[in-house]
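Heads up: the structure comes next, in structure tokens.
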Amino acid sequence: MISFEEVGLRYGTQPEIFSGVNFTLSQGSFYYLSGPSGAGKTSLIKLSSLTQRPTRGFIRMFGQVIEHHDRKSLTSIRQKIGIVFQDFRLLNHLSVFENVALPLRIKNIASSSIRQNVEELLDWVGLGNRMHYQPLMLSGGEQQRVSIARAIIAQPHLLLADEPTGNLDPEISEKLLKLFTQLHRMGTTIVIATHNEHIIKTHPHPILHLDNGILTERILPTFPDLRLKTSPLSDISDTIKNL
Amino acid sequence: MNPFLHQIIPLKDTSQDRILMAMIALMMCSILMIMASALFLSNLSAHWHKSVSHIATIEIPKNTPNKTISELKKLLNNSSLIKDFNLINKDRIKDIIAPWIDQSVLNSEDLPLPTLLTVSLNSGSPIERDKLKFSLKALDENIKMETHENWLSSAFERAQTLKTLAWIIGLSLTLTLIISLSILTRTRVLLNKEAINLLHISGASDAYIVKQFLIYIFGVAFKGILIGCLFASLLLLTFSSSTTPENSEVFTFATLSSGHMSILWTMPFIILVFMLLTTSKTVTNELRKMV
Ligand SMILES: Nc1ncnc2c1ncn2[C@@H]1O[C@H](COP(=O)(O)OP(=O)(O)O)[C@@H](O)[C@H]1O
Ligand SMILES: [Mg+2]
């Protein structure tokens, strides 16, 4: 599904944030991305969502090496990815409804079908009565739910979420994780960047941990049925490649 | 499905759109007026050519012997180049020269008025005309034929220069319009970078984004062009009626042929297409620079 090969990234003339990251996520997996603030979680999500070009290395997605100049295939890959941005990135001149409908509009889905799907999802995230509001009239948590709804409306193959519970109260966070679990069961590959220890404990999944530009995979020891791994991911990606 | 409803990029900006529309209307109106003038000039020179090139004047001095005159008549009757000829009335000649000559002299019989003939010519080669002039001269040194060719060619040249100038101005205006539109479009792309980025990230193709710009530009440009055409029509109508002097041969914009009219009124469509092409090209170029 996604694999990084010796991927490096630097902003301007600053030192590299990642120095040769290697990992492979197989289809249908569910990962948390953890690490201290400033470790590069958002940057990794940006690389995976093809919104940031790596300064070196290769990124392979859906079996295709990403070539940023091949705009046609970029477009088709992006349509398979849903992203929840840390800063929401809602379009403030559009209604909540239109913000959520955006990925469907791009795919030229019929209006009647859009209406039904969007209304249903907005009801589900508890914003059914805010449909015609503009994003700036909503609280941070509500805006976040809009951005989550937009990310999942088109049933992406890969869902990348950057601190999706950052502005949500525990009850809605719990509900959100249930939604993610549901999507995961339906076959969506999920990567969630989060600080939220409570969520990681209550919904256990393997963790990609970023620190000092090095990515390691961890599985929480509270689940003895899973083997503990602290080895660098490059080893794992090799085993996966050899399968 | 109404595509205007799903304008995702906020391109509409009522006050700026009005300025843009006014600019397009003004340019369109000027371009049409200039084109109409150019077409009018070419009409006019063609008309001169047609009406004057077939007329010549033959001047016979007062004391020419009758024998020469009858021979001249025979010559004119037999020449294939000459369709018809008429004597110009003595009183008419007097009228023409009256402002320059004293009344008493004018009325005296001694005034050496020449006999003037207007001749209408069949279209023939310049060589045939020279032949005719030559035989007239052989008949009598003093008989002169004036074919207006010199005067005509200089007037024609002048009209041609004006026409070229009009085309150049028209083209420059069109170019100015296209360049301003390109600059404006680029500004709009940069202003809406965030929305465009989001569309890209969400999997919108460049074509999808270009379409949003095209719909917007079409809306503004179409209205602007329509207003420009309306104003141009009004101006042309006004000129046609005010420049028509009584009982004279009329050359006005109203005399433009239907062929010329269709050239004139296809211009707005051509310019609209150029504007859309420019928008598409500019946006595509800008999008290529983005993620
Ligand atoms: N657009 C940018 N330009 C320059 N530096 C950036 C940019 N984005 C992130 N950084 C830097 O990269 C590092 C990683 O940031 P980020 O990926 O946002 O980390 P995290 O999401 O884990 O907090 C930080 O030091 C940050 O200052
Ligand atoms: Mg971050």
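The values are calculated or read from the model by the stated rules, or taken from the named source; none is laboratory data. What you see is a predicted model; the values in this text were computed from it and never measured. Note: ideal-geometry Cβ built from the backbone for every residue, glycine included; neighbour counts use all protein chains shown. With ligands, DNA and RNA removed, areas are computed over all heavy atoms of the protein, side chains included. Shrake-Rupley method; radii C 1.70, N 1.55, O 1.52, S 1.80 Å.
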Next on the checklist: Within 10 Å, at most 16 other Cβ atoms, and a DSSP state outside H, G, I, E, B define an exposed site. Report the longest part of chain B free of exposed GluC sites (Glu not before Pro).
Outcome noted: B:1-108
Next on the checklist: Show me you know the interface measure: the accessible area buried between A and B, both chains summed, probe 1.4 Å, in Å² to the nearest 100.
Outcome noted: 1900
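Using unit Cβ charges (K, R positive; D, E negative) and no other charged atoms, how large, in debye to the nearest 20, is the dipole of chain B about its Cα centre?
Details: 26 positive and 22 negative charges, 220 e Å.
In debye, rounded to 20, chain B gives about 1060.
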Checklist outcome for this item: With a Förster distance of 30 angstrom and the Cβ-Cβ distance between A:D211 and B:L191, calculated FRET efficiency to the nearest 0.05 equals 0.15
Item to check | Residue of B:A25, B:A98, B:A46 that the Gaussian network model of chain B assigns the largest fluctuation, springs spanning Cα pairs under 10 Å | outcome: B:A98
Checklist entry - Using alpha carbon coordinates only, what is the Rg to Rh ratio of the protein assembly as shown, with Rh defined as the Kirkwood radius? => result 1.36
Item to check | For the range B:101-146 versus the range A:82-104, the gap between their alpha-carbon centres in whole angstrom | outcome: 90
Checklist outcome for this item: Rounded to the nearest 10, the angle in degrees between the Cα long axis of helix B:14-52 and the longest principal axis of the Cα atoms of chain B comes to 20
Next on the checklist: Can you compute the radius of gyration and Dmax for chain A, using only the Cα atoms, both in Å?
Outcome noted: 18.0, 52
Next on the checklist: What does the structure give for B:277-285 when I average, per residue, the other chain Cβ atoms found within 10 Å of the residue Cβ?
Outcome noted: 0
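Under the Kirkwood approximation applied to all pairs of distinct alpha-carbon atoms, what is the hydrodynamic radius of the range B:84-161 in Å?
Values: mean 1/r = 0.0648 Å⁻¹.
With all distinct Cα pairs of the range B:84-161 included, I get 15.4 Å.
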Checklist entry - In degrees from 0 to 90, rounded to the nearest 10, what is the angle of the helix B:206-242 Cα long axis to the longest principal axis of chain B? => result 30
Checklist entry - So what does the Cα-only Debye profile of chain B read at q = 0.07 Å⁻¹, as log10 I(q)/I(0), no solvent term? => result -0.51
Item to check | Computed accessible area, B:W151, all protein chains, 1.4 angstrom probe, square angstrom | outcome: 140
Checklist outcome for this item: Once both label points are put 7 Å beyond Cα along the C-beta direction, the B:S80-B:H54 separation in nm becomes 1.8
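Could you list the trypsin sites (Lys or Arg not before Pro) in the range B:30-135 that lie in coil according to DSSP, counting only those with at most 16 other Cβ atoms within 10 Å of their Cβ? Intermediate values should be presented prior to the final figure.
Details: sites: B:K50, B:K62, B:K67, B:K73, B:K74, B:K83, B:K90, B:R92, B:K94, B:R129, B:K131, B:K133; in loops: B:K62.
Passing sites in the range B:30-135 are B:K62.
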Checklist entry - So which of B:K12/B:K193; A:K80/B:K12; A:K107/A:K201; A:K107/B:K223 end up more than 26 Å apart, counting from Cα to Cα? => result A:K80/B:K12; A:K107/A:K201; A:K107/B:K223
Next on the checklist: Just to confirm the number: angle between the C-alpha axis of helix B:126-139 and the first principal axis of chain B, 0 to 90 degrees, nearest 10?
Outcome noted: 20
Item to check | P(r), alpha carbons of the range A:30-109 - 10 Å bins starting at zero, rounded % | outcome: 14, 41, 35, 10, 0
Item to check | Debye log10 I(q)/I(0) at q = 0.12, 0.20 Å⁻¹ for the range B:88-214, Cα point scatterers | outcome: -0.79, -1.17
Next on the checklist: Keeping every protein chain present and rolling a 1.4 Å probe, give me the accessible area per residue for chain B in Å².
Outcome noted: 58
Checklist outcome for this item: Around A:V191 (Cβ within 13 Å, Cβ-to-Cβ, excluding A:V191; K/R +1, D/E -1) the net charge comes to -1
